[in-house]
Amino acid sequence: MNKNKRSKIKFVIGAAILGGLTGCIGVVDGPRHGGVYVESPVVVQDDYVYYPGYQVYYSSHTHHYLYQDGRSWVSRPTPPHVSADVLFASPSVSLDFHDAPSIHHSAVVKTYPRNWAPPGSSHGNKGGNGHDNGHGNKERD
């Protein structure tokens, strides 16, 4: 063998080894049996508790309060300008959105104005007539 042929063989073997080590050589596996596999996205439905007197939403999924501050929507771990105990004692309603409350806020405000209270309840009644809202406090229906 001449020197030129050996160099070419060494080059091809070296390229094959290098390609194998760097992962450039691979197998593309197509759909089996003519079907197509599509991974469905995981959708986490967020449950919100809305406090009309304060126009604040609580996300049970993220454990954050969402509210409008000027023209912006804010998400924080504490409610704005009110203690959580006072907020929890105020009338509230459970809402479930598949997206952000900001999208539905104008309709929510019309349905539940600031002075809204559940039917048959006293606006200032701290005993409530509801169930636990996940914070260890009673939530009104």
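Just so it is clear, none of the values below were taken in a lab; they were calculated from the coordinates. A quick note: this is a predicted structure, and the numbers were derived from the prediction, not measured. As a convention, Cβ positions derive from the backbone with ideal geometry for all residues, glycine included, and neighbour counts pool all protein chains shown.
Quick notes on this one:
- Selection status of PRO80, under 15 Å from TYR112 (Cα atoms) and in a loop (DSSP other than H, G, I, E, B): no
- Looking only at residues of segment 56-75 that are assigned to a loop (DSSP other than H, G, I, E, B) and touching a strand residue (DSSP E or B) at 6+ places or on another chain (Cβ under 6 Å), we find that the one that is nearest to PRO118 (Cα to Cα) is SER60.
- Picking from residues in segment 55-84 that are over 15 Å from the mean Cα position of the chain (by Cα) and either touching a residue at least 40 places away in the same chain (Cβ under 8 Å) or at positive phi (or both), the one that is surrounded by the most Cβ atoms within 10 Å (Cβ to Cβ) is GLN55.
- Residue tally, condition under 14 Å from GLN55 (Cα atoms) and assigned to a loop (DSSP other than H, G, I, E, B), over segment 84-99: 3
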